[in-house]
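One structure coming up, written as structure tokens, with questions to follow.
The values are calculated or read from the model by the stated rules, or taken from the named source; none is laboratory data. Note that the coordinates shown come from a computational prediction; the quantities given were computed from them, not determined experimentally. As a convention, Cβ positions derive from the backbone with ideal geometry for all residues, glycine included, and neighbour counts pool all protein chains shown. For accessibility, only protein heavy atoms count, side chains too; no ligands or nucleic acids. Shrake-Rupley method; radii C 1.70, N 1.55, O 1.52, S 1.80 Å.
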Amino acid sequence: MAVANAAVAAKTAQVTPAELVARARAMQPVLHERAEKAEAERHVPRETVAEFKKAGLIRMTQPRRFGGAAMGWDALCEVAQTLAAADGAQAWIQAIMADHAVILGTWDDRAQQDVWGADPDTAMSASLDPKGTAKLCDGGYMFSGTFAFSSGVDHADWVICGGFVVEGEKRDGPHFFLLPRADIRIVDDWFTAGLEGTGSKTFEVAEVFVPAHRMLDGPSARAGRAVGAKLDDAPVYRLPRGGLTPTVFAALSVGMAQGLLAEWLKYTASRVSRDGAMGGHPASHIVAGEASARIASAEALYLSTIRDAMRRVGEGETLSDSYILQAKRNASWAARVALEAGTLLFNNGGGRAIFTANAMQRQYRNLVAAAAHYSIQWETNAMACGKDLIANAG
């Protein structure tokens with residue numbers, strides 16, 4: 001197995017979560033400085049992706065045999081939250097790329113070798129909504145589809161797609177399919193009112209061959225029992241997808257709210273309005289106290305949830321459906337509370353907060369977009385959890 005830059009690989013594999021959080025914190029000033037550029041160009045700057053790789057922030061969840069650290073989802077959430085305090089869009093790409101390293105870590109070893117064998121720093125993008133159609137053929141599948149919201153696709157050498165295997169009237173899945181960059185066509189359609197810098201564009205796939213080993217069984221992956229989970233004993237590869245993984249979007253939302261709070265405090269401390277110096281105004285003190293409490297409570301809820309889940313999975317426990325529903329509820333609630341805090345801050349930022357030169361408006365728009373992610377949609381997840389609680393009462 002070829003490992004590019006063995007010294008960097010060894011350093012990544014031995015690093016601790018606290019060290020990676022410290023590296024993420026050290027990157028905050030430069031990410032803050034690049035935020036406007038990322039927004040204007042509608043994708044994360046290439047130098048940012050290069051620095052994420054150099055700091056080990058993408059390999060942090062990669063299997064050890066490819067020089068990764070195989071860290072837990074809780075560590076990924078802490079790093080993503082830290083980065084998001086500086087700029088939500090660039091943090092989003094770190095989180096997504098590290099997530100994709102987890103997904104690939106559950107694949108057949110041949111698929112992992114295809115991507116990481118020559119270069120363990122190879123990055124991936126994904127569109128997991130099952131919009132693809134796979135038809136059986138000799139040795140694999142003929143695959144087609146149109147895939148939206150592929151964050152960071154401009155920087156990806158491989159993509160992961162969701163789709164169904166179709167035979168006549170039968171549809172099996174949804175499953176995941178792995179394709180090289182050469183097999184897709186990117187559609188430049190990412191014109192949004194938030195998270196512009198993520199470059200989450202659409203891509204199209206037209207009748208390309210996907211070898212059988214590059215298909216990942218969807219039900220097994222969602223249950224945390226995918227074939228590749230046996231290749232590395234780290235618990236992160238046994239974490240059920242879709243139920244626990246949405247906590248990363250809560251982490252990003254909390255980080256963006258923290259960044260907005262920092263901007264608001266700095267701005268308000270010197271702001272003079274018609275009512276005088278706002279830093280000394282009792283209303284400002286109440287806003288600061290309430291918003292900071294909301295953000296702290298959101299952080300405590302999602303972090304305690306994912307830490308408990310990682311501990312249980314690490315001890316070999318199979319998480320119940322009820323547990324997973326409650327974890328997803330917690331992530332959704334944390335994101336909702338973070339958004340409420342951000343709205344309180346922005347609504348009390350005064351007229352100057354809406355100017356594009358003011359960083360508050362960017363962080364707030366990014367927060368609104370992040371909290372709208374389908375996996376942390378509050379009403380849906382609250383309903384599912386509530387229904388389960390009542391069904392199992394007594």
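Ignoring ligands, DNA and RNA, what percent of the 1.4 Å accessible area of the chain is carbon and sulfur? The partial results should precede the final answer.
Values: 9030 of 16480 Å².
Answer for the chain: carbon and sulfur cover 55 percent of the accessible area.
What number comes out for the charge environment of PHE149, summing +1 per Lys or Arg and -1 per Asp or Glu over other residues with Cβ under 15 Å away?
Local charge sum for PHE149: -4.
Something else about it: Spelling out what I want: for every residue of segment 233-248, take phi, set θ = phi - 60°, compute 6.51 cos²θ - 1.76 cosθ + 1.60 (Karplus), and round to whole Hz; glycine and proline get x.
7, 5, x, 4, 7, 10, 6, x, 7, x, x, 9, 5, x, 4, 5
Which far-off residues, 5 or more places away or on another chain, put their amide H under 5 Å from the one on GLY132, with H placed in the peptide plane?
Correct list: GLY162, GLY163, PHE164.
Here's a follow-up. Which aspartates and glutamates, on any chain, are close to LYS37 with Cα under 15 Å apart, when same-chain ones fewer than 8 places away are left out?
Excluding near neighbours in sequence, the set is GLU47, ASP87, GLU196.
Could you pull the accessible area for ASP275 with a 1.4 Å probe, rounded to 10 Å²?
Per-residue accessible area (ASP275): approximately 110 Å².
Something else now. Taking the Cα centroid of segment 304-360 and of segment 151-209, what is the distance between the two, rounded to the nearest whole Å?
Taking the Cα centre of each part, segment 304-360 and segment 151-209 sit 27 Å apart.
Further, regarding this structure: Which lysines, on any chain, are close to LYS170 with Cα under 20 Å apart, when same-chain ones fewer than 8 places away are left out?
Result set, ordered by chain and number: LYS131, LYS135.
With a 1.4 Å probe and all protein chains left in place, how much accessible area per residue does the chain have, in Å²?
Numbers: 16480 Å² over 394 residues.
Value for the chain: 42 Å² per residue.
Could I ask something else about it? Run the numbers on the chain and let me know its relative contact order in percent, using alpha-carbon pairs under 8 Å that are six or more apart.
16 percent
With just the Cα atoms of the chain, tell me how far they stretch along each of the three principal axes, in Å, largest first.
75, 56, 43
Follow-up. Show me the chymotrypsin sites (Phe, Trp or Tyr not before Pro) within segment 325-394 that DSSP assigns to loop and that have at most 16 other Cβ atoms within 10 Å of their Cβ. The partial results should precede the final answer.
Details: sites: TRP333, PHE346, PHE355, TYR364, TYR374, TRP378; in loops: PHE355.
Sites meeting the loop and neighbour criteria: PHE355.
Suppose we flag GluC sites (Glu not before Pro) only when DSSP calls them loop and at most 13 other Cβ atoms lie within 10 Å. Which is the longest uninterrupted stretch of the chain?
Details: sites that count: GLU169, GLU315, GLU317.
With GluC sites (Glu not before Pro) excluded where exposed in loops, the chain gives 1-168 as its longest stretch.
For segment 31-139, what is the relative contact order in percent, using Cα pairs closer than 8 Å and at least 6 residues apart in sequence?
Once normalised by length, the contact order is 25 percent.
So what is the 222 nm mean residue ellipticity for the chain from helices alone, if each DSSP H run of at least 4 adds -39500 (n - 2.57) and you divide by all residues, rounding to the nearest 500 deg cm²/dmol?
So the calculated ellipticity at 222 nm is -16500 deg cm²/dmol.
Under 16 Å between alpha carbons, and skipping anything fewer than 8 positions from LYS53 in its own chain: which aspartates and glutamates qualify?
GLU19, ASP99, ASP119, ASP121, ASP154, ASP157
Can you give the accessible area of ARG59, probe radius 1.4 Å, in Å² rounded to 10?
ARG59 has an accessible surface of roughly 10 Å² with all protein chains in place.
For ARG25 and GLU169, what is the calculated FRET efficiency with R₀ set at 51 Å and r taken between the beta-carbons, to the nearest 0.05?
0.40
Go from 0 up to the bin containing the longest alpha carbon distance in segment 304-394, width 10 Å each, and give me the % of pairs per bin.
16, 33, 27, 16, 8, 1
Would you work out the relative contact order for segment 81-235, in percent, from Cα pairs under 8 angstrom that are 6 or more residues apart?
Details: 306 pairs, mean separation 40.5, N = 155.
Contact order relative to length: 26 percent.
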